[in-house]
Each structure stands twice: as structure tokens, then as C-alpha cells.
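Presented below is the structure to which this report refers.
Computed from the coordinates by the stated procedures, all read-outs in this text should not be read as laboratory data. Remember, predicted model here, so these are calculated numbers, not experimental data. Glycine gets a Cβ as well: all are built from the backbone with ideal geometry, and neighbour counts include every protein chain shown.
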Amino acid sequence: MPSVPAFLYGTAWKEERTAALTELAIRAGFRAIDTANQRRHYFEAGVGEGLNAAYRAGVVTRGDLFLQTKFTYQRGQDHRLPYDPAAPLTDQVAQSLASSLEHLGTDYVDSLALHGPSSGYEWTTDDAEVWEAMRVERDAGRALRLGVSNVSLRHLEQMAATRAEPPAFVQNRCFARLGWDREVRSFCNQHKIIYQGFSLLTANPEVLNHPPLIALAAKLKASPAQVVFSFACAVGILPLTGTSSAEHMRHDLESLSLEHPPDLVRAIESMAG
Ligand SMILES: NC(=O)c1ccc[n+]([C@@H]2O[C@H](COP(=O)([O-])OP(=O)(O)OC[C@H]3O[C@@H](n4cnc5c(N)ncnc54)[C@H](OP(=O)(O)O)[C@@H]3O)[C@@H](O)[C@H]2O)c1
């Protein structure tokens, strides 16, 4: 099984800049790309164009990359659906992934995630059906690993209670005030699930403006954003960034080599919740 790179480049909200920014991110050194077959927030075909440009220029080959996409229920989509909404959910999953593979110009993705459960409170029978359909896609080799996104501890516990195969990944918005999603991260640790954190900067402005963190950043000759990303790695969060800036792409990747003392890591972990 290919290893998972240490930083994911996210492609949401980039519209007509998607192809150029995907190519730029790869040229900057990102080897993991996150997208979704949800035209409302992502332009997955644009991601495919960016990949192609990077392949053509000889920057990388498909095998160098970790590509992750998502299946999104109709309620999370606009009218531009990648499946027939009248089809059973099992078929919707297959149609969505087939369309993703076409967009991305590949015959497999490294990870296929359920973008969000059908209910904010429960792991429903619809989710169980979708998860089973995703497992079938995985077993057919069209996705190497499976994930779930936007889940609570309750979702994960209920999913486990159905005796379903556990996900390889959880991808959640990571709020510092919730101990950086402490409960879900702890479940992930116990079950050997890789936790992917998004909105590490945008969900946590209070952390970026926290004087001790600003002081630590100055001491490390880094930016507060870099400290947040390197802290995330230190506590086992696989971070996502969706920066549109070439300079921030470089800074974000450089943050992986920052080191800070374990007591400071603990202090950041509990600074806001
Ligand atoms: N599963 C889901 O439901 C879900 C939801 C949301 C997002 N995601 C994924 O996560 C990815 C990332 O999204 P996100 O919510 O984390 O937000 P984002 O779109 O990555 O926004 C990050 C913000 O931080 C700034 N930034 C990045 N690096 C910086 C640096 N070194 N210094 C200063 N500012 C910096 C960016 O500004 P600049 O552009 O100016 O650098 C941008 O404004 C998305 O593209 C998507 O793939 C998934």
C-alpha cells in the first residue's frame, strides 16, 4: 500500500484556477491532492487538468501522487450531479467514483471518502449502504482506502457498532476550542485511523492571534500559521491546506521540518479547549 504524504493540498473553492493551482501545488512539492465529486465546491475536472499538466511536464507520475476524492449525497450538491439521483445509493456511489476517475484521468484513487453522513446525529442505514458500496469499489481496486468526513464521535461509534469495516481516514474541521477535535482524534488513535484536519487556520483565528503562540513563532523564526501546521503534525493530525499562494505553499510544506519542545505542543493542544 503506498504511504500517505505528510501534507494534503485541498482544491475546494478554486473554480477556474483549480488546474493551475493544482499544478503549482505539485511543483511546490505537494504529493497528496484532496478533491470531491461535488461541483458546488470543487472543480474536479480542473484537478485532473492540473495533474495532466504536471505529468506532461515530467514533474511527477501518477504513482508519485496520493489522490483523494469524495462521494457527496445529493443534499450536499447543487444541480450538477455526478450520478442519477433516482438510482439506488449503491449505484450513485459507483457512478460518482466512475466520474471522478474520468475527471482525474486515472483508474484508481488512493482514497475515497464519504463527504458527510446523511444525518448530523446518526450513522443511518443510508450511510451503511453507501459504506458497503464504497467497500465494493475498494475491493474492485478503484479506491485503495476508504474514509469518512464531517463525523462526530457518535457517528464513529455507531458505525463501529454495525461491525462495518473501520475507515482508514477521518477528515474533519479541526476546532482548537474543542481540543482540536480531541474526542474524534482519540477514537482515531485507538482504532489506527489517520485523522486529517482541515480549516486548521480558518477555524482558529483566536489561536493565530494568541500572544504565546506568536512569541513561539518568533522564537522559531516561523509564522503563526507554520506553528499551527507543525503542531498539528506533532499531535498526529495530517493537515490540509488550500492556499492559493505559491509562497504559502512553500511555507506550509516547510512547517513540516519545524521542531518545538513537547511541553509547548501540549500547551498548544490545550490552549483553547
Ligand atoms: N471534508 C470537507 O467537508 C471539507 C470542508 C472544507 C475543506 N475541505 C478540504 O480542506 C482543504 C483546505 O480547506 P480549509 O478549510 O483548511 O481552508 P483553505 O481553503 O485552505 O484556507 C486556508 C486559508 O489560510 C491561508 N493560508 C494558508 N497557508 C497560509 C500561511 N502559511 N500563512 C498565512 N495564511 C495561510 C489561505 O490564504 P492564502 O490562499 O492567501 O494562502 C486561506 O485563506 C479544502 O481545499 C478541501 O480540500 C474539506
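Around residue 235, under 15 Å between beta carbons, what's the net of Lys plus Arg minus Asp minus Glu among the other residues?
Charge balance in the 15 Å sphere: -2.
Report, in deg cm²/dmol and to the nearest 500, the calculated mean residue ellipticity at 222 nm for the chain, where each DSSP H run with n ≥ 4 adds -39500 (n - 2.57) and the sum is divided by the residue count.
-12500 deg cm²/dmol, from helical runs alone.
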- Task: Using only the alpha carbon atoms of the chain, find the Kirkwood hydrodynamic radius as the inverse mean reciprocal pair distance, in angstroms to one decimal.
- Result: 19.1
- Note on the structure: Taking every other residue with Cβ under 14 Å from the Cβ of residue 152 and scoring Lys and Arg +1, Asp and Glu -1, one gets -1
- Query: What is the list of residues in region 115-150 whose amide nitrogen lies under 17 Å from a point 7 angstrom out from the Cα of residue 75, following Cα to Cβ?
  - Reply: 115-131, 149-150
- So if R0 is 41 Å, what FRET efficiency would residue 39 and residue 121 give, r being the distance between their Cβ atoms, rounded to the nearest 0.05? 0.90
- Message: So if each residue of separation counts as 0.36 nm, and I subtract the Cα-Cα distance between residue 214 and residue 177, what length gain in nm does that give?
- Response: 11.5 nm
- Quick one: which of 109-121, 216-228 comes out on top by average Cβ neighbours within 10 Å, and what's the full order, highest first? 109-121, 216-228
- List the lysines whose alpha-carbon lies under 30 Å from that of residue 192, not counting same-chain residues fewer than 8 positions away? 70
- Message: Let's see if you can work this out: charge +1 on each Lys and Arg Cβ, -1 on each Asp and Glu Cβ, no other charges. What is the dipole magnitude of the chain about its Cα centre, in debye to the nearest 20?
- Response: 560
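Net charge within 10 Å of residue 70 by Cβ-Cβ distance, Lys/Arg positive one each and Asp/Glu negative one each, not counting residue 70 itself?
-2
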- Potential extension, residue 162-residue 1 segment - 0.36 nm per residue separation minus Cα distance: 55.3 nm
- Task: Scan region 99-200 for trypsin sites (Lys or Arg not before Pro) in coil per DSSP, keeping those whose Cβ has at most 10 other Cβ atoms within 10 Å, and list them by number.
- Result: 163, 192
- Item | Segment residue 190-residue 244, extension gain: residue separation times 0.36 nm, minus the distance between their alpha carbons | 16.0 nm
- One-quarter of the Cα convex hull surface for region 1-80, in nm²? 5.4
- Task: DSSP loop (so not H, G, I, E, B), at most 11 other Cβ within 10 Å: list which GluC sites (Glu not before Pro) in region 164-273 pass both filters.
- Result: 259
- region 127-185: relative contact order from alpha carbon pairs under 8 Å, six or more residues apart, as a whole percent, is 32
- Taking region 124-195 as the region of interest, what is the percent of Cα-Cα pairs per 5 angstrom bin, listed from the shortest bin to the one with the maximum distance? 3, 16, 27, 24, 17, 8, 3, 1, 0
- Message: For region 50-168, take N as its residue count and report Rg(C-alpha) divided by 2.2 N^0.38 Å.
- Response: 1.11
